[in-house]
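Novice: Below is one structure. I have some questions about it.
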Amino acid sequence: QVQLVESGGGLAQAGGSLRLSCAGSGRTFSSYVMGWFRQAPGKEREFVAAISRNGGSTNYPDSVKGRFTISRDKAKNTVSLQMNNLKPEDTAVYYCAANRITTVQAMGVVSTPKDYWGKGTLVTVSS
């Protein structure tokens, strides 16, 4: 009942910035914990960021902490991921995900079931 569509992916140089957006259609995801995940070629899916329903809590892995910021705009029914100081290892397809009953901590566990996934947007960071 919730459809998620990511946008904003593209090419950036190392040290640069990029902002991703996850837009919802159909049912609003304001009551969902939202997260971003990524999957690089030949690698397993990796947790990137999560944000609570009211935006008051966030969760990041050490790999992106201090560089990436997740935020949400309930009025626009969107979730964003601001990526700064990009590194070549950030290159991946980035996916938006939603879970209605979990926590930002549990969202950080890749194996935690997600209610909805977006189709992904490709981010490529050059050296």
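Novice: Filter the stretch 100-122 down to residues that are at negative phi, touching an Asp or Glu at 6+ places or on another chain (Cβ under 8 Å), modelled with pLDDT of 95 or more and not basic (Lys, Arg), then give me how many there are.
Specialist: So the count comes out to 2.
Novice: Can you name every residue in the stretch 35-63 that is in a loop (DSSP other than H, G, I, E, B) and farther than 17 Å from residue 122 by Cα?
Specialist: 52, 53, 54, 55, 56, 57, 60, 61, 62, 63
Novice: Here is a further query. Restricting the stretch 53-67 to residues that are polar (S, T, N, Q) and under 14 Å from residue 107 (Cβ atoms), which is surrounded by the most Cβ atoms within 10 Å (Cβ to Cβ)?
Specialist: 59
Novice: Next up: Could you tell me whether residue 79 is in contact (Cβ under 8 Å) with a residue 12 or more places away in the chain, over 10 Å from the mean Cα position of the chain (by Cα) and either buried (at least 17 other Cβ atoms within 10 Å of the Cβ) or closer than 22 Å to residue 44 by Cβ (or both)?
Specialist: No.
Novice: Only one of 31, 21, 71, 25 is open to solvent by 30 Å² or more (accessible area, probe 1.4 Å) and either without any contact (Cβ under 8 Å) to a residue 12 or more places away in the chain or assigned to a loop (DSSP other than H, G, I, E, B) (or both); which?
Specialist: After ruling out the rest, the residue left standing is 31.
Novice: Ok, one more. When you check residue 38 against the structure, is it surrounded by 17 or more Cβ atoms within 10 Å (Cβ to Cβ) and under 14 Å from the mean Cα position of the chain (by Cα), yes or no?
Specialist: In short, yes.
The values are calculated or read from the model by the stated rules, or taken from the named source; none is laboratory data. Keep in mind the model is a prediction, meaning the values are calculated, not measured. Glycine gets a Cβ as well: all are built from the backbone with ideal geometry, and neighbour counts include every protein chain shown. The protein model used for the area step is the full one, side chains on, heavy atoms only, and it has no ligands, DNA or RNA in it. Shrake-Rupley method; radii C 1.70, N 1.55, O 1.52, S 1.80 Å.
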